[in-house]
Amino acid sequence: GIEANPKKCRAFFEFPTPDSKNSIQSLNGMLTALSRFAAKSVQHALPLFKLLRKESAFEWTEECEKALQHLKRALSEPPVLTQPVEGEVLYLYLVVASEAISAVLIRETEQGQKLVYFVSRALQGPEL
């Protein structure tokens, strides 16, 4: 199966509490690289993304800290993604929230459902 890069996971876990927009950009870059291993990652990272808005002053809040800790927990044991096999049934689950959309692709096997892929993104501008 496809697994998250342990070095990238370690760098994410060891990243210090952000203290500027530049450090948030670095953190979000790491999260983007790992997002395929965390369901609804963008939804959970919205407080972090909001810090990057031009009109927003940088302020690390309790909501930001909770979001970061949730993402670290979600990525502490990232799932192993599997490749679809011809003939197997695939299911696509969608989640639509007020500020983000997410999807997960699952394949049905004799052993049960197996993860194939996660994807999510924040809604912007007129999409909101």
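Throughout, read-outs are computed from the coordinates displayed, never taken from laboratory work. Everything numeric here is computed off the predicted structure, so don't read it as measured data. Backbone-built Cβ (ideal geometry, glycine too); neighbour counts: all protein chains shown.
If each DSSP helix of 4+ residues adds -39,500 (n - 2.57) and the sum is divided by the residues in the chain, what number results at 222 nm, nearest 500 deg cm²/dmol? Each step should come with its number before you reach the end.
Values: 4 runs with 48 residues, N = 128.
That comes out to -11500 deg cm²/dmol.
Assuming R0 = 22 Å, can you tell me the calculated FRET efficiency for the pair Ala103 and Thr82, based on Cβ-Cβ distance, to the nearest 0.05? Don't skip to the end; give the middle numbers.
Working: r = 16 Å, r/R0 = 0.74.
So, using R0 = 22 Å, E works out to roughly 0.85.
Just to confirm the filter: which GluC sites (Glu not before Pro) across the stretch 45-105 are DSSP coil and have at most 16 other Cβ within 10 angstrom of their Cβ?
Working: sites: Glu55, Glu59, Glu62, Glu63, Glu65, Glu86, Glu88, Glu99; in loops: Glu55, Glu59, Glu86, Glu88, Glu99.
Sites meeting the loop and neighbour criteria: Glu55, Glu59, Glu86, Glu88, Glu99.
Averaging sequence separations of C-alpha pairs under 8 Å and six or more residues apart, then dividing by the length of the chain, give the relative contact order as a whole percent. Intermediate results must be reported in sequence, preceding the final value.
Numbers: 193 pairs, mean separation 35.2, N = 128.
Relative contact order of the chain: 28 percent.
Efficiency by 1/(1 + (r/R0)^6): what FRET value for Asn22 and Ala122, r their Cβ-Cβ distance, R0 = 22 Å, to the nearest 0.05? Please list the in-between numbers first.
Details: r = 20 Å, r/R0 = 0.89.
Efficiency computed from Cβ-Cβ geometry: 0.65.
Going through the stretch 25-128, which trypsin sites (Lys or Arg not before Pro) have at most 13 other Cβ atoms within 10 Å and a DSSP loop state? The partial results should precede the final answer.
Numbers: sites: Arg36, Lys40, Lys50, Arg53, Lys54, Lys66, Lys72, Arg73, Arg107, Lys114, Arg121; in loops: Lys40, Arg53, Lys54.
In loop regions of the stretch 25-128 (DSSP not H, G, I, E or B), the sparsely surrounded trypsin sites (Lys or Arg not before Pro) are Arg53, Lys54.
Report the dimensions of the stretch 83-124 along its three principal axes from the alpha-carbon atoms, largest first, rounded to Å.
Here the Cα extents, ordered largest to smallest, are 39, 14, 12 Å.
Report, largest value first, the span of the C-alpha coordinates of the chain along each principal axis, in whole Å.
51, 36, 19 Å, listed from the longest principal axis down.
Let me make sure I get this right: for the stretch 30-94, a, b and c are the square roots of the gyration tensor eigenvalues over alpha carbons, sorted descending. Under 1.5 in a/c it's rounded, otherwise prolate if a/b > b/c, else oblate. Which is it? Show your work: numbers first, answer last.
Numbers: a/c = 3.34, a/b = 2.35, b/c = 1.42.
It comes out prolate by the Cα gyration axes.
What FRET efficiency comes out for Val96 versus Lys8 if R0 is 30 angstrom and r is the Cβ-Cβ distance? Round to the nearest 0.05.
Details: r = 28 Å, r/R0 = 0.95.
Computed FRET efficiency for Val96 and Lys8: 0.60.
Which entries of Lys21/Lys66; Lys50/Lys114; Lys8/Lys54; Lys40/Lys66 show an alpha-carbon separation above 23 angstrom in the structure shown? Mind showing how you got there, number by number?
Numbers: Lys21/Lys66 18 Å; Lys50/Lys114 33 Å; Lys8/Lys54 28 Å; Lys40/Lys66 15 Å.
With Cα atoms farther than 23 Å apart: Lys50/Lys114; Lys8/Lys54.
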